[in-house]
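One structure is given here, and the rest of the page talks about it.
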Amino acid sequence: MAPPPHFLHPFLMAPPLSSLVFNVCRREPELIRPATPTPSNLHPLSDIDDQECLRFHFPIINFYRHNPEMLARKVDPVNVIRNALAQALVFYYPFAGRLIEGANRKLSVDCNSEGVLFIEAYADVSLEQFGKFLHPPFPCLDKLLYDVPGSSGMLNSPLMLIQVTRLKCGGFTFALRRNHTISDGAGLSQFLSAMSELARGANCPSIKPVWERHVLNARDPPHVSYIHHEYDDVSDDQCTIIPPINICRELFFFGPEEISTLRKLVSLHVQRCTDFELLTACLWRCRSKALHFDPKQTVRMLCTINLRKFKRTMLPLGYYGNAFAMPAAISTAEKLTENHLSYAVELVQKAKAEFNEEYLKSVADLMVIKGRPHYTVPNSFVVSDAIHAGLELVDFGWGEAVYGGPAKAGIEDIPVMSFYLPYKNDKGNGILVQVCLPAIAMERFVKELDSVLDKDQQIIKDQQIIKDQRDKPTISIRSALAGIGEIPLVSFYVACRNNEGKDGIMVPICLPAIAMESFAKEFHNMLYRDQQIITKTRTKVTSL
């Protein structure tokens, strides 16, 4: 396990995570069944749920401080959570069942009430020893979330495993692993919110769960109404898929200064893009440069978007199944890496704009027609935004979690995927991103990212471009035609298109040579008005 990022070292009071070793004493795993009898039937998953890329178990972990009031009352978090789980399973009884597979690989839940795996544990470590600012990867995760032998299969295995580990400081960890086909992150948050409400004394959840997976089934007959480049059948002739054993994993932090720097680098017409769009475009572009793709090779960016982001949808209140798609932006490697950052931002925006209810129904239709394929991995960069997952808000009675979210910064078997995690340190709130690349490509990636975020150098480059263009005879001729030779005070605004195919306005300015240099400098200082207070941004971090 690698130490935390370089930029965190001055602020950490605990030793590096790589040196943190502790022991965990576990009781034998037990199966927690619903507190009262529940229906025994077969619940088919939706055609969004059972696609190939969701057939895995995903871990999350929450860290909680000790609560003096609960300690004084001798309330044990293990017992509270165990009882809350049994009560919650009365409402969410499919979680206590087992998956079976039918014709055409269709998955269903056999609601047999066999139960959820539960582990009670104690660790001889305090919360403070994990560091001032918590983030994945966490030391000894396999001890805080024990992989019970035989429990991680897809079929006829528990759909959920929970481990509650008491810490010597009085705090505790709550770790959970779920089968992703049964729910997405929003659905899991809904389930955990129900558990926490029951743990704090409620008789039933404030939001009643709804199954109704048929709303996201394929139509009859299925009709693919969109082009889904995220599921293109692409062979990996050039061996672009990165073997997990050969990758380098590094964490990067993007705070307000980094995002502000990036925003000043894009054209005015896309400066109102979201932080997600801006950062994704930057990382996709830098990553593609680092991997040295063939210039004519098609590269993809896939981003997860949940239907729940819309206020009015076909989803009933309480729906906890998977309800997201991964629309793709595509480009040749040459266009992506040679064009301005604004080009990549526009591609990301276009991909996001395609998503709606019809798009998701089209994905469901495609799943049935093509046999539930995995999304395209070769030459892809996949981004999942977990910033607003809200897992840290789960309160079992000890207050909100110090950290709540993915237990790992990525998916080990899918190095093309990066999670965006909320993170706060002494510099403020920001986004933590793990990037996985071969070691050589990682060096190039860090160098490229540093170059992009090096504002002083970027200003010099932009000013040089202006100077070079001013020296070109063609520009001088156009300037002469766009103004009045005898009256240098007059400037005409002329509609034009540059070499990148971008429409804009050309304005000829007539000044003495010395004054022109001052004008250009002042103009760019205005565009980069924060340059005096922003220092070079260094984001390189150690290998995980």
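The values are calculated or read from the model by the stated rules, or taken from the named source; none is laboratory data. Everything numeric here is computed off the predicted structure, so don't read it as measured data. Counting neighbours? That spans all protein chains shown, and the Cβs are built from the backbone with ideal geometry, glycine included. Ligands, DNA and RNA are stripped out before the accessible areas are found, and what is left, the full protein with its side chains, is counted by its heavy atoms. Shrake-Rupley method; radii C 1.70, N 1.55, O 1.52, S 1.80 Å.
At a glance:
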quantity	calculated
Considering residues of the stretch 84-108 that are of a type in the set (Gly, Ala, Ser) and in a loop (DSSP other than H, G, I, E, B) only, the residue surrounded by the fewest Cβ atoms within 10 Å (Cβ to Cβ)	Gly102
Some residue of the stretch 269-284 being over 20 Å from the mean Cα position of the chain (by Cα), of a type in the set (Val, Ile, Thr) and farther than 15 Å from Ala351 by Cβ	no
Residues of the stretch 43-76 classified as of a type in the set (S, T, N, Q) and more than 26 Å from the chain's Cα centre (by Cα), total	1
Filter result for the condition that a residue is farther than 23 Å from Ile305 by Cα and open to solvent by less than 40 Å² (accessible area, probe 1.4 Å), over Leu155, Leu198, Leu216	Leu198
Residues satisfying the stated conditions in the stretch 109-128, i.e. buried (at least 20 other Cβ atoms within 10 Å of the Cβ) and farther than 24 Å from Val80 by Cα	Val109, Cys111
Selection within the stretch 347-387 - surrounded by fewer than 22 Cβ atoms within 10 Å (Cβ to Cβ), among the basic types (Lys, Arg) and touching a residue at least 60 places away in the same chain (Cβ under 8 Å)	Lys352, Lys370, Arg372
Residue match in the stretch 303-317 (condition: crowded, with 21+ Cβ neighbours inside 10 Å, farther than 25 Å from His374 by Cα, touching a Lys or Arg at 6+ places or on another chain (Cβ under 8 Å) and in contact (Cβ under 8 Å) with a residue 24 or more places away in the chain)	no
Among residues of the stretch 17-73, those that are in contact with a helix residue (DSSP H, G or I) (Cβ under 8 Å, 6 or more places away or on another chain), open to solvent by less than 50 Å² (accessible area, probe 1.4 Å), aliphatic (A, V, I, L, M) and not in a strand (DSSP E or B), counted	5
Residues located in the stretch 266-284, provided they are free of Cβ contacts under 8 Å to residues at least 60 places away in the same chain and not in a helix (DSSP H, G or I)	Gln271, Arg272, Thr274
Members of the stretch 400-409 found to be open to solvent by 10 Å² or more (accessible area, probe 1.4 Å) and at pLDDT below 90, listed by number	Lys408
Filter result for the condition that a residue is loosely packed, with under 15 Cβ neighbours inside 10 Å and among the acidic types (Asp, Glu), over Glu392, Glu412	Glu412
Pro295 of a type outside the set (A, V, I, L, M, F, W, C), touching a helix residue (DSSP H, G or I) at 6+ places or on another chain (Cβ under 6 Å) and open to solvent by 60 Å² or more (accessible area, probe 1.4 Å)	yes
Residue count for the stretch 138-188, restricted to those that are in contact with a helix residue (DSSP H, G or I) (Cβ under 6 Å, 6 or more places away or on another chain) and among the polar types (S, T, N, Q)	3
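Per-residue answers, yes or no, for (1) over 19 Å from Ile330 (Cα atoms); (2) among the polar types (S, T, N, Q):
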| residue | (1), (2) |
| --- | --- |
| Ser342 | no, yes |
| Val345 | no, no |
| Lys350 | no, no |
| Glu354 | no, no |
| Lys361 | yes, no |
| Ala364 | yes, no |
| Met367 | yes, no |
| Lys370 | yes, no |
| His374 | no, no |
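Matching residues to (1) closer than 27 Å to Gly153 by Cβ; (2) touching a strand residue (DSSP E or B) at 6+ places or on another chain (Cβ under 6 Å):
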{"position": "Arg98", "(1), (2)": "yes, yes"}
{"position": "Asn104", "(1), (2)": "yes, no"}
{"position": "Leu107", "(1), (2)": "yes, yes"}
{"position": "Phe118", "(1), (2)": "yes, yes"}
{"position": "Glu128", "(1), (2)": "no, no"}
{"position": "Phe133", "(1), (2)": "no, yes"}
{"position": "Pro137", "(1), (2)": "yes, no"}
{"position": "Lys143", "(1), (2)": "yes, yes"}
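Table: residues versus (1) touching a residue at least 12 places away in the same chain (Cβ under 8 Å); (2) of a type in the set (Ser, Thr, Tyr); (3) open to solvent by less than 50 Å² (accessible area, probe 1.4 Å); (4) part of a loop (DSSP other than H, G, I, E, B).
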position	(1), (2), (3), (4)
Glu257	yes, no, no, no
Leu262	yes, no, yes, no
Cys286	yes, no, yes, no
Arg300	yes, no, yes, no
Asn322	yes, no, yes, yes
